[in-house]
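The values are calculated or read from the model by the stated rules, or taken from the named source; none is laboratory data. No experiment lies behind these values; they were computed from the predicted model shown. Quick reminder, even Gly has a Cβ in these numbers, built from the backbone with ideal geometry, and neighbours come from all protein chains shown. What goes into the accessible areas is simple: the full protein's heavy atoms, side chains included, and nothing from ligands, DNA or RNA. Shrake-Rupley method; radii C 1.70, N 1.55, O 1.52, S 1.80 Å.
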Amino acid sequence: MADTQSAEQAIEQARQAADAALRAANEAREAANAASAAIHSSGGFDTAADGIAHAVSAASGGVIDPFVFRLSIFVLAIFVGYYVVWSVTPALHTPLMAVTNAISSVIIVGALLAVGVELMEPGTGVARGFGFVAVVLAAVNIFGGFLVTSRMLAMYKKKS
């Protein structure tokens, strides 16, 4: 008789655990559907970081705001960039400047695309303005980088 009662209790506990798992799965499905609806209503994500931020927000049940997630990535990037730049030995400075110039070249291509936005589209004035500012700043960075790099390479040349 005791074996029958313990078996029935075990069956009931298993049934309750299955119900709890089913409720959790339904909640996860609802969160995924809400995230999917947010994606479709906003026309999609502009970057992978937006998609990850919204996925984290949906997975946490909306506890983590996507803005906070993006802000934490930005702050971590600041710290990583600081420690990477300050740990560069002087011998690696010239190749690092060359890579920085290459990155600025990619930035200037995007800025030129922003400047070339059609004039007839509504709301493109701000994009064109920021694109122009980006072109100017990236151009200064590129040409200044080449000047600094050439001066540093001149330091390693034999004097005649």
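Which ³J(HN,Hα) values in Hz, rounded to whole numbers, follow from the phi angles of segment 12-18 under the Karplus curve 6.51 cos²θ - 1.76 cosθ + 1.60, where θ = phi - 60° and Gly and Pro get x?
With coefficients 6.51, -1.76 and 1.60, one gets 5, 5, 5, 5, 5, 5, 5 Hz.
What figure, in Å² to the nearest 10, do you get for the accessible area of Tyr82 with a 1.4 Å probe and non-protein molecules left out?
120 Å²
Could you give the nm distance between label points at Val68 and Val115, where each point is 7 Å from its Cα heading toward the beta carbon?
Here the answer is 4.1 nm between the modelled labels.
Can you tell me how much longer the chain between Phe79 and Ser150 gets when fully stretched, taken as 0.36 nm per residue apart minus their C-alpha distance, in nm with one decimal?
Here the answer is 22.6 nm.
Given 0.36 nm per residue, what is the gain on full extension from Gln13 to Val88 after removing their alpha carbon distance, in nm?
Going from the current span to full extension adds 21.0 nm.
Whenever you get a sec, compute what percent of the accessible area on segment 48-160 sits on carbon and sulfur atoms (1.4 Å probe).
Here it works out to 78 percent.
Could you please put Thr4, Thr149, Thr100 in sequence from largest to smallest accessible area, using a 1.4 Å probe?
Thr4, Thr100, Thr149
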